[in-house]
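Reviewing the structure listed below.
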């Protein structure tokens, strides 16, 4: 735990010296919710129809914002490996008396702390400003789902960061993957009315699994059997991503 705490402490100091980065982590998800959510909520005044019910778009989009913020924060943390590699700190870390797993877990736990503050801010604004009826009873489960989500995406994206040497190549791959995964998921729209081929693709997308679980825990929308299967699938995605990240970090040396 001492090595993990040292990683968390280092990343905390870095984040506190970069107010722009800190602002991005904390406020951007809230801006997404307030700007896009409110805008689409006015445009789709009759609500979103899913699973036989109609709900305001703000309510529907909340889970998408939380899921999107997990993915975006994981991108920032994974990109930090390129910064460390450029200034030589990355290779110095690999000579320290700590395991590769401790290095990954330390960075992941720091990002989870940030995600906890980020989620608290977003949910508070959603409840008090937008009047979204958040399921308070399932709030602990929502927090756990957010933390699992950011951990899974961090490990998955770190694997890519370790295997790609060029900064511009990493940015290109990540941005393309980000937009493709977002728009073939249930983040922005329900999958009930989309073409069958798109629905099948979306249901094998981990971003859909994460978003659906968050939608169930925040506003209670979803079928318990489907959500349970998606939750199990995402946990498996987390474990597989962690294993691959460890292997890729060993080869990065």
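The values are calculated or read from the model by the stated rules, or taken from the named source; none is laboratory data. It should be emphasised that the depicted structure is a prediction, and the values quoted were computed from it without experimental measurement. Every residue, glycine among them, receives a Cβ derived from its backbone with ideal geometry; neighbour counts consider all protein chains shown.
Starting from residues that are more than 14 Å from the chain's Cα centre (by Cα) and in contact (Cβ under 8 Å) with a residue 12 or more places away in the chain, keep the ones in region 114-130 and report whichever is surrounded by the most Cβ atoms within 10 Å (Cβ to Cβ). Let's see the steps before the verdict.
As a first pass, look at region 114-130 and keep what is more than 14 Å from the chain's Cα centre (by Cα): 120-121, 123-130.
Then drop every residue that is not in contact (Cβ under 8 Å) with a residue 12 or more places away in the chain, which leaves 121, 123, 125-126, 129-130.
Working: 121: 14, 123: 23, 125: 16, 126: 25, 129: 13, 130: 17.
Taking the candidates together, the pick is 126.
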Practice task
Go over the candidates 4, 75 one by one and state the one that is at pLDDT 70 or above, assigned to a helix (DSSP H, G or I) and within 24 Å of residue 178 (Cβ to Cβ).
Solution key: 75
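Could you go through region 150-158 and let me know if any residue there is farther than 26 Å from residue 104 by Cβ and in contact (Cβ under 8 Å) with a residue 12 or more places away in the chain.
Taking region 150-158 first, the residues farther than 26 Å from residue 104 by Cβ are none.
No, there is no match, as no residue in region 150-158 is farther than 26 Å from residue 104 by Cβ and in contact (Cβ under 8 Å) with a residue 12 or more places away in the chain.
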Exercise for the section: State yes or no: is residue 142 surrounded by 14 or more Cβ atoms within 10 Å (Cβ to Cβ) and either at pLDDT 85 or above or touching a strand residue (DSSP E or B) at 6+ places or on another chain (Cβ under 8 Å) (or both)? Expected result: yes
Exercise for the section: Give the residue that is surrounded by the fewest Cβ atoms within 10 Å (Cβ to Cβ), with candidates limited to residues of region 37-58 that are part of a helix (DSSP H, G or I) and modelled with pLDDT of 70 or more. Expected result: 57
Handout entry: Near pairs, Cβ below 8 angstrom, 6+ apart or cross-chain, from region 202-224 (at positive phi and in contact (Cβ under 8 Å) with a residue 40 or more places away in the chain) to any residue that is in a loop (DSSP other than H, G, I, E, B) and surrounded by fewer than 24 Cβ atoms within 10 Å (Cβ to Cβ)
Key = 220/135; 222/51
Exercise for the section: Kindly list the number of the only condition in (1) modelled with pLDDT under 75; (2) part of a helix (DSSP H, G or I) that fails for residue 97. Expected result: (2)
Fill in the blank from the handout: By my count, helices (runs of 4 or more DSSP H) wholly in region 137-227 with at least 2 residues that are farther than 21 Å from residue 60 by Cα and within 20 Å of the chain's Cα centre (by Cα) are 139-163, 167-183
Exercise for the section: Consider residue 192 carefully, then state whether it is surrounded by fewer than 19 Cβ atoms within 10 Å (Cβ to Cβ), in contact with a strand residue (DSSP E or B) (Cβ under 7 Å, 6 or more places away or on another chain) and farther than 24 Å from residue 146 by Cα. Expected result: yes
